[in-house]
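Engineer: Below: one structure in structure tokens.
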Amino acid sequence: MFSAIQLFPETTTFSDWLSSSGLEIVLYILGGLLVGRFLSWLGNKITDRIDLNYHQGDALVRSEATKHRHALAQVITWVLIIIVYTLVTIEVLQRLGFSVASLVAPATVLGAALGFGAQRVVQDILAGFFIIAERQYGFGDVARIAITGSSEDAYGTVEDVTLRVTRLRSSDGEVITVPNGQIVKAVNLSKDWARAVVDVPIPATADINHVNDVLRNVGREAFADLDLEPLLLDEPSVMGVESLELDTVNIRMVARTLPGKQFQVGRELRVRVAEALRREGILVGPDLAADQIGDNG
């Protein structure tokens, strides 16, 4: 292998090499950096344009196609930059006197050695490919991700999806980076539609039929509200008694909402339910204020 390396032939001086191969190496490196920066800039412009179309549109939430295009643009940009840097590296090695053909055998051995140590990276990339291809989640989705070896799930808004990692922004502003290969289960809380679930604890002595009527009236008023109605896909419904406890009865109320809007709708319904029951003289338990949001369908 070392015999293939010949930086300076006997008839070539350093100044001659510097003005030929050396200059080409510098140009290749500068060109690769410029192309990489241009691809990164172009990718950011495309994603910004996708986000701008959403913000300027009338849609209250991002469509699945918009989220997928955003993630796809990021991945394509990343892959193109890797290809450019790889090609530049090959050209630079050739200018340094390395024969690409002579590097095949050592590269095979090195690739096998790295393969054992880079299994997790390959696993991350394959998992990221299927996440994007299957549209499991995308930019702007609210997701809950179970991670291998972690007792707590990663929860937040998806800010970045690449072939290797997924980045989430939690409600506290923390950025959570999860390698795609370590994702055991991903729960998308904002895909197509979502469901807000409100469990109303009332005294066991209360008239359940009357409470159901009050809750149905709350649902009708919410669906007729000009501010809340755009977030609802249909009128909130009362499911009936969900559970029985020693001194309370839990009545469940559900509402189908736009993706990602179940939290806002759930909070608004709780306020309306509490006020309506208070007007009827019916006390509710402390569980009404708890953030009990059901998974999206």
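Rule-based calculations on the coordinates, nothing more; no lab input. Treat the numbers as computed from the prediction; the structure is a model and nothing was measured.
Engineer: Which of the three applies to region 194-289, rounded, prolate or oblate, going by the alpha-carbon gyration tensor with a ≥ b ≥ c and a/c under 1.5 meaning rounded?
Structural biologist: Prolate, since a/c reaches 1.5 and a/b exceeds b/c.
Engineer: Is region 169-214 best put as rounded, prolate or oblate by its Cα gyration tensor, with a ≥ b ≥ c the root eigenvalues, rounded for a/c under 1.5, and otherwise prolate when a/b is larger than b/c, oblate when not?
Structural biologist: Verdict is prolate for region 169-214.
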